[in-house]
Amino acid sequence: MPNFSLPDAVFEQAASQFPTPFHLYDEKGIRERARALNAAFSWAPAFKEYFAVKALPNPQILKIFQEEGCGLDCSSECELLMAEKLGFRGEDIMFSANAMPPSEFDHARKLGALINLDDMSDIDTLAAHGGIPETICARFNPGGDFTLGTAIMGSPGDSKYGWTREQLVKGMKRLKEMGVKRFGLHAFLASNTTDNAYYPKLAGILFELGDALSKECSLPLSFINLSGGVGIPYRPDQKAADIAAIGAAVKEEYIRVFGQPKPGGVAIKTELGRFMTGPNGWLITHAIHEKKIYKNYLGVDACASNLMRPAMYGAYHHIHVCGKRDAAADTLYDVTGCLCENNDKFAVDRALPKVDLGDLMVIHDTGAHGWAMGYQYNGRLRSAEILYTEKGDFRMIRRAETPQDYFATLEF
Ligand SMILES: *Cc1c(COP(=O)(O)O)cnc(C)c1O
């Protein structure tokens, strides 16, 4: 079930203060998620969530995570710069990148970030750019398919990320000779899964592998990084992941492999993005156009530039019409933006209450990989971001782009 915790009055009030379209984020909801995650893993030695910056790269949101005791997972120069500017330092930053420009290693090392190497060849790159640290992390790719029960949840064998097991043995031995004193292990094997069994199964794989590698390479295992991938229920009929149950099941795997958790034991880290902010963001837009040809098309003032997931993945985002939550959904619409691109549709054949032009529409679950994936195709500009604060007021935390922004990089 998508997040219906805010009444329509909140969306209407925001839309009376700021022109649509914009993304609205709920500070209280974001803090509650961070606290629920920290509570679920409070049993684990030195637990830390590194919020995946790419999901919602806004400094005011990242500050909220900072206040909740989280670090940041960065994968680019700009994300490192943002972390640096906000005062994240050292092991509060995880730098996981792949095929990145070598200079970004220099920057990450200068900040003292934990480095998550995506490939064996990155050892030499890191040695030449910032140097080999005492603690290193490596990303594992088991190949093949990743399954839960009979369901295929992901296909690591087709994914560009990570090292093979054989490479990890060789690489860790080499890193040890180069001065590494301890290592962490990371893997991301399924994306957006609300199945409570995902993290525990991943944890079991990484715990066993970490334990075995540690023995084979005579190198202490410092931490396991479960990465992102815990999903959210985009569809009304979907069940939410239960983070408390997930934390408890990961603990069982931990005890199975390492014994009772104790201070100084193998630490647990996560890099959740979507789970943290996804349900706490909404794209607010007005119905501005309607046409009837072979289907009903409802045009809104947002477009795929503001939320690319439906166009890119055919992703479902729930939509409701303000003031009509209880009205019968008796009209089928394709809800479209204005791009000259037929996949610019927020919904296809969606049953909604009869929409009138001027109605305020709320597109759910845009708090992660929403604004962040925005682009400027067709000369359309990225929208503002508004924070609904715990105090109950609205704060613009990013202004909308203007034509000046669009032209700033051009020469005439
Ligand atoms: C994208 C990403 C995440 C976050 O993924 P979510 O699906 O948003 O949880 C975490 N770690 C890495 C390395 C990523 O690339």
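A few points about this structure:
- Shape category assigned to the range 295-400 from the gyration tensor of Cα positions, a/c cut at 1.5: oblate
- ³J(HN,Hα) computed for each position of the range 5-16 - Karplus, 6.51 cos²θ - 1.76 cosθ + 1.60, integer Hz, glycine/proline x: 6, 9, x, 4, 4, 5, 5, 5, 5, 4, 6, 7
- Of the GluC sites (Glu not before Pro) found in the range 294-399, those in coil by DSSP whose Cβ has at most 16 other Cβ atoms within 10 Å are E341, E390.
- Distance from the alpha carbon centroid of the range 171-215 to that of the range 267-293 works out to 30 angstrom.
- Set of lysines near K110 by C-alpha distance (under 16 Å), chain-local residues within fewer than 8 positions excluded: K85
- Taking 13 Å as the cut-off, the amide N atoms of the range 372-412 that come nearer than this to a point 7 Å along the Cα-to-beta-carbon line of Q17 belong to 385-398.
- Separation of the alpha carbons by more than 22 angstrom is noted, of K48/K173; K292/K354; K176/K262, for K48/K173; K176/K262.
- Residues of type aspartates and glutamates that K181 reaches as a straight line, Cα spacing below 16 Å, ignoring anything fewer than 8 places off in the same chain: E91, E134, D211, E216
- The Cα atoms of the range 135-269 cover 53, 36, 21 Å along the three principal axes, with the biggest extent listed first.
- Straight-distance candidates among the lysines for linking to K28, with alpha-carbon spacing under 18 Å and chain neighbours fewer than 8 residues away dropped: K63, K391.
- Split the accessible area of the range 119-259 by element, probe 1.4 Å, and carbon with sulfur accounts for 49%.
- The range 62-150 shape via C-alpha gyration tensor axes, a/c threshold 1.5: oblate
- Shown are F18, F4, whose ranking by accessible area with a 1.4 Å probe and every protein chain present, most to least, is F4, F18.
- Pairs of alpha carbons in the chain whose separation is greater than 32 Å (percent): 39
- Note, ³J(HN,Hα) from phi for the range 351-363, Karplus 6.51, -1.76, 1.60, rounded to Hz, x at Gly and Pro: 7, 10, x, 3, 9, 9, 4, x, 4, 8, 10, 10, 9
- Per-residue accessible area (protein heavy atoms, 1.4 Å probe) orders H289, H186 as H289, H186, starting from the largest.
- Scanning residues 5 or more positions from A267 or on other chains, those with amide H under 5 Å from its amide H are F223, I224, with H placed 1.01 Å from N in the peptide plane.
- Nearest-ten-degree value, helix 198-217 long axis tilted from longest Cα axis of the chain: 20
- The range 1-105: trypsin sites (Lys or Arg not before Pro) in DSSP loop, at most 15 other beta carbons within 10 Å: R89
The values are calculated or read from the model by the stated rules, or taken from the named source; none is laboratory data. As the structure is a computational prediction, the values presented were derived from the model and not from experiment. Using ideal geometry, Cβ is built from the backbone for each residue, glycine included, and neighbour counts are taken over all protein chains shown. In case anyone asks, the SASA skips ligands and DNA or RNA and just uses the protein heavy atoms, side chains included. Shrake-Rupley method; radii C 1.70, N 1.55, O 1.52, S 1.80 Å.
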